[in-house]
1. Go over the candidates 240, 318 one by one and state the one that is modelled with pLDDT of 95 or more and surrounded by 15 or more Cβ atoms within 10 Å (Cβ to Cβ).
2. Return a yes/no flag: does the stretch 105-114 have any residue that is over 20 Å from residue 127 (Cβ atoms), at pLDDT below 95, over 46 Å from the mean Cα position of the chain (by Cα) and not in a helix (DSSP H, G or I).
3. Can you name the residue in the stretch 406-433 that is buried (at least 20 other Cβ atoms within 10 Å of the Cβ) and among the small types (Gly, Ala, Ser) and is also nearest to the chain's Cα centre (by Cα) among such residues?
4. Could you pull out the residue among 288, 260 that is open to solvent by 10 Å² or more (accessible area, probe 1.4 Å), without any contact (Cβ under 8 Å) to a residue 24 or more places away in the chain and within 18 Å of residue 195 (Cα to Cα)?
5. Test residue 580 against the stated conditions and say whether it is open to solvent by less than 40 Å² (accessible area, probe 1.4 Å) and assigned to a helix (DSSP H, G or I).
6. Regarding the stretch 117-140, can at least one residue be identified that is in contact with a Leu (Cβ under 6 Å, 6 or more places away or on another chain) and either aromatic (Phe, Trp, Tyr) or buried (at least 19 other Cβ atoms within 10 Å of the Cβ) (or both)?
7. Identify all residues within the stretch 638-659 that are in contact (Cβ under 8 Å) with a residue 24 or more places away in the chain and either surrounded by fewer than 13 Cβ atoms within 10 Å (Cβ to Cβ) or touching a helix residue (DSSP H, G or I) at 6+ places or on another chain (Cβ under 9 Å) (or both); write none if there are none.
8. Do we have any residue at all in the stretch 551-564 that's surrounded by fewer than 16 Cβ atoms within 10 Å (Cβ to Cβ), assigned to a strand (DSSP E or B) and either in contact with an Asp or Glu (Cβ under 8 Å, 6 or more places away or on another chain) or modelled with pLDDT under 95 (or both)?
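The values are calculated or read from the model by the stated rules, or taken from the named source; none is laboratory data. The structure displayed is predicted, hence computed values, not measured ones. FYI the Cβ positions are ideal-geometry reconstructions off the backbone, even for glycines, and counts take in every protein chain you see. Remember, those area values only see protein heavy atoms, side chains included, never the ligands or the DNA or RNA. Shrake-Rupley method; radii C 1.70, N 1.55, O 1.52, S 1.80 Å.
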Amino acid sequence: MKFLIFLLSVFFIHSVSIAQFHYSSKNKKAIKLFEKGQKAPNESLDPITRLPNYKLGISYFNQALKKDPLFWEAHVFAGEYCEIMQDYLTAIAHYEAAIQINPQHSQTGSTYFYTANLYQALGNYEKGLRFAEQFIQHKNTNPELLKKAYTIRENCLFASDAMQHPTVFKPINVGPGINTADPEYYPTITVDGKTILFTRRIKDDNAQNQQKLQEDFFVSHYTNKWEQAQPMPKNINTPLNEGAPSISADGRSLIFVACSDQSGNNNYGEARNGKGSCDLFYTKKLGSKWLNPINLPGSVNTGTWESQPSLSADGKTLYFIRRVNKRGEAANSDIFVSHLLENGDWSTAEALPNTINTPLEEESVLIHPDGKTLYFASRGHIGMGGSDLYLSTLDATGKWSNPKNLGYPINTNFDENSLLVAADGTIAYFASNRTGGYGQLDIYSFEMPEELRPTKTLYFEGIVFDATTRKPLAGKFQLIDLQTSKEIIFSEADKITGEFLVSLPLNKSYALNVSYPGYTFYSENFNMLDTSNLSAIHLDVPMVPITSEQPNLLANVFFDLGKANLRNESFVELNKLVDFLQKNPSLSIEISGHTDNRGDANVNLQLSTDRAKAVYSYILSKGIEQKRLTYKGYGSSQPINLAEDIAKLTTEAAKEKAHQMNRRTEYKLLK
């Protein structure tokens with residue numbers, strides 16, 4: 001239930017504001033019962049909850065009201081106790097009764113505030129607005145409550161409008177492969193949408209708490225449906241709690257939250273060391289085996305509480321939640337960000353700006369694979385009240401936009417958090433205890449409204465291998481924005497299988513370079529500017545040993561039409577070639593230019609020669625010795641696609657693509 005949680009000291013402010021030298025009641029028996037009710041929570045414990053006995057206090061107040069129905073002080077205190085016990089409807093009834101008996105009973109008007117707050121919590125925004133307005137107009141309002149009353153008013157106005165303009169929202173239970181009678185929540189998914197990892201709270205006799213409950217990770221794979229989820233191995237799942245996982249885009253790295261036991265000695269279990277009550281841990285998958293988790297290297301974890309990690313698709317940026325309130329203060333947590341350093345450590349985390357973080361709690365965070373769309377839950381921004389879901393986007397200057405509420409009915413008068421949005425942006429996942437599920441919390445999916453979607457992100461996957469022996473290689477991937485020369489993605493193929501999975505945000509043109517010691521680098525171009533008919537890409541990467549004279553394509557060397565002038569986008573690739581030659585000083589290369597077979601053969605030969613020379617000259621200008629370089633133009637004499645094969649193609653687009661493959665720049669090693 002959504003509810004702005006206040007300290008009991010605030011209730012004390014309320015109670016003091018109605019304190020009088022003389023009660024409104026003259027009935028001595030009613031007054032005696034009322035005073036018993038005031039003392040009850042401090043003098044006895046509830047036999048069931050073992051908490052202060054507010055229930056007994058309410059019973060005394062009700063008896064006092066039977067003696068004197070106009071005893072408004074009993075109504076106010078009964079309302080406060082009911083509110084503490086989260087019996088909001090009864091609390092409202094008591095508050096409204098006190099107001100009806102004496103509209104001016106409180107010197108500060110605080111009863112109007114509490115009534116407004118509860119109506120907002122219950123989703124009755126019309127009445128919440130009315131009581132908030134009445135409180136704001138009161139002459140002697142408490143400044144702390146007045147500030148909150150303005151927030152309630154803004155929330156009620158927003159919520160009323162949002163409910164009149166709902167978004168399309170049709171959640172679907174993801175099914176029994178994932179959901180059970182136990183609670184399932186905090187899903188995380190790979191960029192290809194085929195592997196989902198989530199938290200499940202299970203009964204475990206080895207759990208170190210009275211309830212014998214603990215949190216473990218389960219994983220499911222998608223074929224035509226989500227397959228039966230299996231637990232993560234025992235070096236990941238322990239008798240202590242593991243939760244809030246964030247899986248890398250390729251599914252081979254995992255950052256998650258683990259918490260210490262109840263001893264207070266930061267005991268995280270066997271072979272785990274921690275710093276605070278809950279820390280972030282890291283593990284990596286090699287082949288089919290997950291390594292033992294380690295405390296996240298670097299400066300993210302502190303002596304406080306870190307949770308809810310979200311790892312960017314490039315693996316370089318980590319967002320997470322950190323508790324920021326001091327002991328004895330109201331609960332507060334913010335979103336922080338850390339960056340991966342060259343030595344493998346994570347940098348000292350910095351809080352996101354006040355555009356995102358508020359004086360209240362930010363409770364979950366997700367950075368989409370597009371690297372710039374942030375979804376998060378917050379209690380501090382204007383919304384339906386309590387915890388709502390928002391999005392903010394990062395612009396080219398590094399500034400976050402003002403958060404946008406995801407609207408109704410994605411947000412409701414219940415708490416919402418932990419949203420997961422798939423790479424293509426069309427499908428989102430969340431956990432809910434709505435009726436019709438398999439048990440308690442279940443995981444649901446829904447189609448994300450168009451106006452709330454991130455930039456669509458695709459992926460390419462395949463295997464890196466030795467072009468001669470077919471042996472898998474742990475090739476290192478660089479995906480570089482050709483417009484800005486900025487590295488967008490850095491990844492590495494599996495050391496055992498050579499498999500890789502790398503995200504590809506749309507609306508950019510990329511150079512892909514794959515490198516591995518002892519091999520020439522592999523080059524590919526991805527033009528994601530034309531978003532029509534784009535889908536995931538399978539790409540096997542044959543790495544050519546430096547002992548081979550096999551030609552290597554420079555897929556990201558570009559020239560103006562019919563000219564030999566290098567375009568600026570070419571320098572990313574050519575600098576990679578320069579770096580390769582600097583690291584292998586014993587190697588010499590021939591740079592070759594090729595054209596298609598259209599046009600005059602002599603003109604094509606000269607053009608190919610001029611283009612090869614342009615590349616040669618650039619590399620020479622970067623300090624590579626002339627004796628290690630040569631160049632040659634081959635015109636159309638060495639086509640990849642023969643003219644007769646091109647003629648058989650059925651569409652002009654296919655024919656043009658074949659011609660384009662023939663127009664190329666290559667290099668080969670010379671012995």
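1. One residue alone meets the criteria, 318.
2. yes
3. 418
4. From the options 288, 260, the qualifying one is 288.
5. Taking the combined requirement at face value, the residue satisfies it.
6. Let us first name the residues in the stretch 117-140 that are in contact with a Leu (Cβ under 6 Å, 6 or more places away or on another chain), namely 117.
Right, trim to either aromatic (Phe, Trp, Tyr) or buried (at least 19 other Cβ atoms within 10 Å of the Cβ) (or both) and you get 117.
The answer is yes, given that some residue of the stretch 117-140 is in contact with a Leu (Cβ under 6 Å, 6 or more places away or on another chain) and either aromatic (Phe, Trp, Tyr) or buried (at least 19 other Cβ atoms within 10 Å of the Cβ) (or both).
7. Just the residues of the stretch 638-659 that are in contact (Cβ under 8 Å) with a residue 24 or more places away in the chain, to begin with: 638-640, 643, 659.
If the condition is that a residue be in contact (Cβ under 8 Å) with a residue 24 or more places away in the chain and either surrounded by fewer than 13 Cβ atoms within 10 Å (Cβ to Cβ) or touching a helix residue (DSSP H, G or I) at 6+ places or on another chain (Cβ under 9 Å) (or both), then 638, 639, 640, 659 are the ones that fit.
8. For the stretch 551-564, residues surrounded by fewer than 16 Cβ atoms within 10 Å (Cβ to Cβ), assigned to a strand (DSSP E or B) and either in contact with an Asp or Glu (Cβ under 8 Å, 6 or more places away or on another chain) or modelled with pLDDT under 95 (or both): absent.
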